[in-house]
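Derivation of every value follows stated rules applied to the coordinates shown; laboratory data play no part. Please read all numbers here as calculations on a predicted model, not as lab measurements. All Cβ positions, even for glycine, are placed from backbone atoms using ideal geometry, and neighbour counts span all protein chains on display.
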Amino acid sequence: MKKLLALSLTALACLAAHAQETKVAIGISGWTGFAPLTLAKEAGIFKKHGLDVTIKKIPQKDRHLAIASGDVQCAATTVETWVVWNANGVATTQIFQLDKSYGADGMVVKPAITKISDLKGKTVAASAPGTSPYFALAWMLKKNGMSIKDVKVVNLEPQAAANAMIAGTDGVDAAMTYEPYLGAVRAKPEAGKIIATTLDYPMVMDTFGCTPKFLAENTRAAKALADAYFDALEMIQKEPAKSYEIMGADVKQSGEAFAKSAGFLRWQDRAANMKFFSGEHAAFSKEAADLLMEAGIIKSMPDMGKLADTRFLK
């Protein structure tokens, strides 16, 4: 009888836990740096933290529209993109850092081009204004005494941009892309060369954020999202082969191939997050906002003090 009662209580507890799961939809892309979020879902880590997570693959140029419509409540994207979204009236707040690029984002050029200044008057494939590849292009040009006005930009998403270089597409002199697609270019050096990456220009760092409404109404869930992410990073450390297989499958890569892509970035644990948000985040956001204004991507500065909320890191 006691055994039956114990089983009944356990069943009730499970049902109660299930009933309390908070539903949240997250918008991401196939970028390698976001993969621990996929791991957290597929390995049951989100569920363990009381979350019912749906992950939606949405191009960066459209992710803010999904947030504004309520289709997703949270998203992963680059630090400067949150500046753009908030400046354009899509209120969002970053709550933890995902990764930093260490060569995972780059500029690919045709063999005749030897330096970034050679791109003056040339055509560069990059995602639309307000996206990370477009911003990376503007950043690299500025650091070389140029601006986005000195090149012709044709809008192609990172995978298509990489494919255009591999195919030797006429009229495309350079392309901005990232892992895992940059890896495809590395594998075919005859298609073009990687002239600059985030090792040369360390300006790609990704964060996770949600709408202020979601955070206000779901503080426990917000903390659970951060905790689940850090748990996913621990799983990668303890079970790398299994973790890489799960993350690689999501982008149609083998575990081994995915591990190579991941070698060009650093996922950021809780300690790294605390350090990042103690000053670096604010400083970079300000420099990025100035460049975004200069490039005409934003027309006014957002409230820089509302871009991040670090209480969920502890």
Checklist entry - When the chain is modelled as a GNM with alpha-carbon springs shorter than 10 Å, which of Thr54, Thr92, Thr77 fluctuates the most? => result Thr54
Checklist entry - Hey, rough spin-label estimate for Thr114 and Lys142, points 7 angstrom out along Cα→Cβ, what's it come to in nanometres? => result 2.9
Item to check | Signed unit charges on C-beta, dipole axis of the chain, positive-most listed residue Ile58, Ala174, Ala308 | outcome: Ala308
Item to check | Taking region 105-197 and dividing mean pair separation by its residue count, relative contact order in percent (alpha carbons under 8 Å, at least six apart) | outcome: 46
Item to check | MRE, 222 nm, helices only [DSSP H, n ≥ 4, -39500 (n - 2.57), over the chain, to nearest 500] | outcome: -13000 deg cm²/dmol
Checklist entry - What spacing in nm lies between the two simple spin-label points modelled at Ala187 and Lys252, each 7 Å away from Cα in the Cβ direction? => result 1.2
Item to check | Sequence-distant lysines (8 or more away, or on other chains) whose Cα lies within less than 16 Å of Lys48 | outcome: Lys23, Lys223
Item to check | Options Ala191, Ser117, Ala161, ranked by Cα towards positive dipole end of region 105-197, top entry (Cβ charges) | outcome: Ser117
Next on the checklist: If I model a spin label as a point 7 Å beyond the Cα along the Cα-Cβ vector, how far apart are those points for Glu287 and Leu199 in nm?
Outcome noted: 2.0
Checklist outcome for this item: Under the rule rounded for a/c under 1.5, else prolate if a/b exceeds b/c, else oblate, using alpha carbon gyration tensor axes a ≥ b ≥ c, region 58-116 is classed as prolate
Item to check | 13 Å beta-carbon shell around Ala43, net charge (K/R +1, D/E -1) | outcome: -1
Item to check | Selection from Pro212, Val151, Ala35 lying farthest towards where the dipole of the chain points positive, charges on Cβ | outcome: Pro212
Next on the checklist: With +1 assigned to the C-beta of every Lys and Arg and -1 to the C-beta of every Asp and Glu, and no other charges, what is the dipole magnitude of the chain about the Cα centre in debye, to the nearest 20?
Outcome noted: 380
Checklist entry - What is the local net charge at Glu157, summed over the other residues whose Cβ is closer than 11 Å to its Cβ (Lys, Arg +1; Asp, Glu -1)? => result 0
Checklist entry - When the dipole is taken about the Cα centre of region 105-197, and only Lys, Arg (+1) and Asp, Glu (-1) are charged at their Cβ, what size is it in debye, to the nearest 20? => result 300
Checklist outcome for this item: So for the chain, using the alpha carbon gyration tensor with a ≥ b ≥ c as root eigenvalues (a/c under 1.5 gives rounded; past that, a/b versus b/c decides prolate or oblate), I'd call it prolate
Item to check | Gap separating the Cα centres of region 76-124 and region 142-180, nearest whole Å | outcome: 12
Checklist entry - Is any residue of region 212-233 close enough, with backbone N under 18 Å, to a label point placed 7 angstrom from the Cα of Glu280 along the Cα-Cβ axis, and if so, which? => result 230, 233
Checklist entry - Counting Lys +1, Arg +1, Asp -1, Glu -1, what net charge surrounds Thr310 among other residues with beta carbon under 12 Å of its beta carbon? => result +4
Next on the checklist: 5 Å is the cut-off here: which amide hydrogens, built 1.01 Å from N in the peptide plane, fall below it relative to Ala196, excluding neighbours closer than 5 in sequence?
Outcome noted: Met107
Checklist outcome for this item: Compactness summary of region 106-176: radius of gyration and Dmax from Cα atoms, Å, are 10.8, 30
Item to check | C-alpha center-to-center spacing [region 199-273, region 280-295] in angstrom | outcome: 24
